[in-house]
Amino acid sequence: MVQSPPKLITVDEFITNYGDSDRYELIDGELTEMEPTGPHEQVSGFLGRKLNVEIDRLDLPYFIPPRCLIKLLGTATAFRLDVMVLDETKLIDEPLWQQEPVITSGSSIKLIAEVASSNWQNDYARKVEDYALLGVPEYWIVDYLGVGGREYIGKPKQPTVTICTLRGDEYQKQLFQKSDRLISSMFPELQLCAQQIFAAVRSAAG
């Protein structure tokens, strides 16, 4: 029996039918189900809390939306983020914002963090290219399980935070492991080491 190919949908159809659901994102017109685990959500929550504290401490015009999509213009793709820091002063230029929590311009974004899981290939490859093209200045890949390929996190594989900083139209990548303090161009005074992020899961389990 020959299976029919999946029906492709547009970004507008996706936003209309699935915009309020945290379970799906759209990649090249295909509906992709997201299956975050409890530890995945712990890491996302920990990162959001730490960044919110820094935003508040510095009184920056930034915030982290609890539910938001990135629409890649000219494609049938809409990503749902684990953590995204937005610049409130830029939202006036977002054409969809008043009706839907949808971002279309990299200038509105200060930082994106994705927590790697079973679909880590998207985080390390596809999204690196897409976020660079969009002009997102800083992109974190938080691989608390150390599941990424050796070409991304080294050998032996271990939990790693990769911070991608946009230089021109490409990302420069720096890896942080164990007690390394994260170096962020968006939050240069942030006092956070990789091990603190990974411990967020273990402390809750213990």
Pairs returned, first residue in the stretch 114-136 that is without any contact (Cβ under 8 Å) to a residue 40 or more places away in the chain, second residue that is surrounded by fewer than 23 Cβ atoms within 10 Å (Cβ to Cβ) and assigned to a helix (DSSP H, G or I), beta-carbon separation under 6 angstrom, 6 or more apart or interchain, are 124/152; 135/106; 136/106
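State all residues of the stretch 46-71 that are in contact (Cβ under 8 Å) with a residue 40 or more places away in the chain and surrounded by 14 or more Cβ atoms within 10 Å (Cβ to Cβ); if no residue qualifies, say none.
Answer for the stretch 46-71, where residues must be in contact (Cβ under 8 Å) with a residue 40 or more places away in the chain and surrounded by 14 or more Cβ atoms within 10 Å (Cβ to Cβ): 46, 47, 50, 51, 54, 62, 69, 70, 71.
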Only one of 60, 86 is part of a loop (DSSP other than H, G, I, E, B), modelled with pLDDT of 95 or more and hydrophobic (A, V, I, L, M, F, W, C), namely 60
Filter pass, residue 171 being among the aromatic types (Phe, Trp, Tyr), surrounded by fewer than 21 Cβ atoms within 10 Å (Cβ to Cβ) and closer than 28 Å to residue 94 by Cβ:
yes
Counting only residues in the stretch 81-107 that are crowded, with 17+ Cβ neighbours inside 10 Å and of a type in the set (A, V, I, L, M, F, W, C), the one farthest from the chain's Cα centre (by Cα) is identified as 97
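The values are calculated or read from the model by the stated rules, or taken from the named source; none is laboratory data. Just so you know, these numbers come straight off a predicted model, no measurement behind them. With ideal geometry, Cβ positions are generated from the backbone for all residues, glycine too; neighbour counts draw on all protein chains shown.
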